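Data first, discussion second: the structure below is written as C-alpha cells.
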Amino acid sequence: MEEMVPLGEEDRRRLVLKAVTRLRCVECGRLYDPQDFALVNRWKDMWVLSTRCRHCDDPVHVIVFMHLDAEPEPVVDLTPEELERVAEWSPICADDVLDVHTLLQECDGDLERLLAL
C-alpha cells in the first residue's frame, strides 16, 4: 500500500479550486466560477468557502475536508457546556415535528411571542 504524503499548502489550494469547479448552483444549476470563492475560515484540514452565483446571486457556503478519513468537526457557536447538554437530548421524532406543525398553525403571526414560550 502506498504511503500517504501530506499535501503542501499550494497543493491543497489547487485541490480545493479543482473541487469547486465541479459545483453547480442549487438554485439555477450553473457552474460556479472558482475565482469567486473566498476562504471564510480554516480549522486544521477543514476549509470553509463562500461565494455567490454569478447568474442568480444565490449565496453558498462550502465545507471541504482534506482527508477522506477525517472526522468532521461541528461548526457551531455553542459553548462546551451547551454541547454536552445537547448531546444528552433525544433525537427529534415525528411527534415533535407534528407538535411544531400544530403550534405554527395556531400561531397568530407574532413569532417573537411564540418563540418566547
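The values are calculated or read from the model by the stated rules, or taken from the named source; none is laboratory data. The model shown is predicted, which means the values in this text are computed figures rather than measured ones. So basically every Cβ, Gly included, is an ideal-geometry build from the backbone, and we count neighbours across all protein chains shown. The accessibility values were calculated without ligands, DNA or RNA, using every heavy atom of the protein model including side chains. Shrake-Rupley method; radii C 1.70, N 1.55, O 1.52, S 1.80 Å.
Taking the conditions (1) open to solvent by 100 Å² or more (accessible area, probe 1.4 Å); (2) more than 30 Å from Asn41 (Cα to Cα) in turn, Leu111 satisfies each one other than (1). Kindly list the number of the only condition in (1) at pLDDT 80 or above; (2) under 28 Å from Leu115 (Cβ atoms) that fails for Asp36. The failed condition is (2).
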